[in-house]
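Encoded as structure tokens, the structure appears first; notes follow it.
Since every read-out is calculated from the coordinates, none of them should be taken as a lab result. Worth saying up front: this structure is predicted, and the values here are computed from it rather than measured. Using ideal geometry, Cβ is built from the backbone for each residue, glycine included, and neighbour counts are taken over all protein chains shown.
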Amino acid sequence: MKQSLIIDCDPGVDDATGLLTAFASHDLDLLAVTTVGGNVSAEKTARNARILRQIAGREDVPVFAGAERPLRREPAGAGEFHGAEGLGDLAPFEPAAPTAEGTAAEAIVRLVKERPAGSVALIVMGPMTNLALAMRAEPRLADHLGPVVVMGGARAEGGNITASAEFNIWADPDAAAEVFASGCRMIVLGLDATHQVRSTETRIRMIEAVDTASGRTAAGMLRFSQRTEREIVGWDAGPLHDPCTVACLLKPQLFELAPCRIDVETESDLTRGHTAVEFRVEAATARHFWATRADADGVFALIAERLGAGQ
Ligand code: BDR
Ligand code: CA
């Protein structure tokens, strides 16, 4: 049976590669893509998701636009890493198919609640605002959800937006704190894992060799990131964050996970969005799982294989 899935995202060049990989994965029952303001504005992330859906030929998957701003903070943005429009060098255009009726939070509640408990997985590639709003609207959602696979957080690696915090958690720490406290089962791919998944020249060429529209588009995203990571951070091979979520759902053995409890700092300005990862927990009852290791070659091979099977 296919795994039912909703992807919540803020495309974003790495979100784009993750989305294209999921669109091309026909063993997933992709129920919806929901979008949130994050890397760029909510209006742009919703448009970008629809652009990617069109490139992938997956207009059967509805896109629901979501929160325009974090629960309590000012919207941030990360245009320097994603381009002003969010999709790197890809010139944006108005996609043929519109967004679906209703908000992202409403769609998450409805699509999860109308299916058996535990059967719908949720991938979160951006700030957790939509999921927090969905949980506020339906407090039983946490019990009904399948695994929530998150790209976010930092521990051993330190942060990428401040010394303590990773962008997605930092951007809406209040939403993340609510979701982590909700009791849902969460698999968390923070910077400790995604910094192991580097877009080396060899790996980018592997994606460039995939001769499909999705492959060519993903390769363009990787080349753009290679340039910005070199210019801004000085890394020759930058990390590929968001696609790790899709890879982890499709092939969990690519990651090593440790049971833990994660709490998010919301009070301190200095450490806003820090993820406190506590490993001293009972493994049998743990609800959070922190990724400590990633098989980077395996992740890239999986992405290449899936993009080759798509449009
Ligand atoms: C995360 O921040 C965003 O800029 C990326 O899309 C990714 O989700 C990495 O910290
Ligand atoms: Ca993202």
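Strictly greater than 22 Å: what percent of every Cα pair in the range 1-106 meets that? Please list the in-between numbers first.
Values: 1383 of 5565 pairs.
Taking all Cα-Cα pairs of the range 1-106, the fraction more than 22 Å apart is 25 percent.
For each of CYS184, CYS9, CYS248, count neighbouring Cβ atoms within 10 Å of the residue's Cβ, then give the residues from fewest to most.
Working: CYS184 20, CYS9 31, CYS248 26.
Least crowded to most crowded, the residues run CYS184, CYS248, CYS9.
Put +1 on the Cβ of each Lys and Arg and -1 on the Cβ of each Asp and Glu in the chain; which of THR194, SER214, SER268 then has its Cα farthest toward the positive end of the dipole?
SER214
Let me check against my output: what whole-number percent is the relative contact order of the range 122-241, with C-alpha pairs under 8 Å and at least 6 apart? Each step should come with its number before you reach the end.
Details: 174 pairs, mean separation 29.5, N = 120.
Result for the range 122-241 is 25 percent.
If a/c stays under 1.5 just call it rounded; otherwise compare a/b with b/c (prolate if a/b is bigger, oblate if not). Do that for the range 54-132, with a ≥ b ≥ c from the square roots of the Cα gyration tensor eigenvalues.
Working: a/c = 2.10, a/b = 1.27, b/c = 1.66.
Oblate, because a/c is 1.5 or more while a/b does not exceed b/c.
First select every other residue whose beta carbon is under 12 angstrom from the beta carbon of ILE187; then total the charges, Lys and Arg +1, Asp and Glu -1. Walk me through the numbers before you get to the answer.
Values: positive: ARG185, ARG287; negative: GLU256.
The answer is +1.
Can you give the local net charge around ASP174? Use residues other than it whose beta-carbon is closer than 12 angstrom to its beta-carbon, Lys and Arg +1, Asp and Glu -1.
Working: positive: ARG69, ARG72, ARG73, ARG136, ARG272; negative: ASP172, GLU178, GLU265, GLU267.
With Lys, Arg at +1 and Asp, Glu at -1, the net is +1.
How much mean residue ellipticity at 222 nm does the chain get from its helices, if each DSSP H run of length 4 or more adds -39500 (n - 2.57) and you divide by all residues, to the nearest 500 deg cm²/dmol? Please list the in-between numbers first.
On the way: 13 runs with 116 residues, N = 311.
About -10500 deg cm²/dmol.
Work out the FRET efficiency for ASP211 and LYS2 from their Cβ-Cβ distance, taking R0 = 30 Å, and round it to the nearest 0.05.
On the way: r = 26 Å, r/R0 = 0.87.
That pair, ASP211 with LYS2, gives E of 0.70.
Normalised by the residues of the chain, what does the relative contact order come to in percent, with Cα pairs under 8 Å and at least six apart? Don't skip to the end; give the middle numbers.
On the way: 749 pairs, mean separation 63.7, N = 311.
Across the chain, relative contact order equals 20 percent.
Starting from 0 in steps of 20 Å, tell me what percent of the Cα-Cα pairs of the chain lands in each bin.
Over the chain, the share of Cα pairs per 20 Å bin runs 38, 60, 2 percent.
Could you give me the ³J(HN,Hα) list for the range 99-107, computed from phi with Karplus coefficients 6.51, -1.76, 1.60 and θ = phi - 60°, whole Hz, x at Gly and Pro?
Those phi angles translate into 6, 7, 5, x, 8, 4, 4, 4, 5 Hz.
List the residues whose amide H sits under 5 Å from the amide H of ALA97, counting only those 5 or more places along or on another chain, with H placed 1.01 Å from N in the peptide plane.
none
Give the separation of the Cα centroids, the range 172-240 to the range 291-311, in Å.
The two parts, judged by their Cα centres, are 11 Å apart.
Could you list HIS241, HIS288 in order of exposure, starting from the residue whose Cβ has the fewest other Cβ atoms within 10 Å? Don't skip to the answer; put the middle values down first.
Details: HIS241 28, HIS288 24.
By the 10 Å Cβ count, ascending, the order reads HIS288, HIS241.
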